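A short write-up of the structure that comes next.
The values are calculated or read from the model by the stated rules, or taken from the named source; none is laboratory data. Values in this document were obtained by computation on a predicted structure and should not be read as measured data. Note that we place each Cβ from the backbone using ideal geometry, even for glycine, and neighbour counts take in every protein chain shown. Ligands, DNA and RNA are excluded from the accessible area calculation, which covers all protein heavy atoms including side chains. Shrake-Rupley method; radii C 1.70, N 1.55, O 1.52, S 1.80 Å.
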Amino acid sequence: NATTREEVPKVKVASTEDVNKKQNLTLAIIENKIIDAQKSLDQQEPILDYEHNSVLRDIITPFYGSPVLDSLATKTAGRVYERTFRFNVKDTWKVENCQLVAFIHNNEGNDKEVIQAAEVHVTE
């Protein structure tokens, strides 16, 4: 919504094989083309008009992610999980330069492997 700057993304996850591990979904927003100073290793003075990309602006879920069907011991191949989120894009962010990044990752002990990720542009 261009007026309220509310974003309502829907994330859809489809298992292509049986999954017997606990998994979480993390959703983040990044921004590209941010012009600001950057320290340089080659120069004493910072680069004042450096273009920063893939700057993490916010994590929409808890930082460790949201559980995905954690009540199931096995998520069978073909099962689809959908989740809708709501958040506001801050006024200081340029929506046209923002992207959403969603990723599924294991959440068992030391196993935090990212299984799949996707990135899409934020739209007004």
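The table that follows gives values for the structure above.
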quantity: Strands (runs of 3 or more DSSP E) contained entirely in segment 40-100, each with at least 3 residues that are open to solvent by less than 80 Å² (accessible area, probe 1.4 Å); calculated: 55-59, 80-84
quantity: Of all residues in segment 9-39 being assigned to a strand (DSSP E or B) and over 30 Å from Asp70 (Cα atoms), the one that is nearest to the chain's Cα centre (by Cα); calculated: Glu31
quantity: Meets criteria (in contact with a Pro (Cβ under 9 Å, 6 or more places away or on another chain) and of a type outside the set (Val, Ile, Thr)) for Gln38; calculated: yes
quantity: Test result for Glu119, in a strand (DSSP E or B) and surrounded by fewer than 12 Cβ atoms within 10 Å (Cβ to Cβ); calculated: no
quantity: Flag if Gly65 is at positive phi and either under 12 Å from the mean Cα position of the chain (by Cα) or in contact (Cβ under 8 Å) with a residue 24 or more places away in the chain (or both); calculated: yes
quantity: Filtered residues of segment 1-29 (kept if in contact with a helix residue (DSSP H, G or I) (Cβ under 9 Å, 6 or more places away or on another chain) and surrounded by 13 or more Cβ atoms within 10 Å (Cβ to Cβ)); calculated: Arg5, Glu7
quantity: Considering residues of segment 101-114 that are in contact (Cβ under 8 Å) with a residue 24 or more places away in the chain and either part of a loop (DSSP other than H, G, I, E, B) or within 12 Å of Ala14 (Cα to Cα) (or both) only, the residue nearest to the chain's Cα centre (by Cα); calculated: Ile104
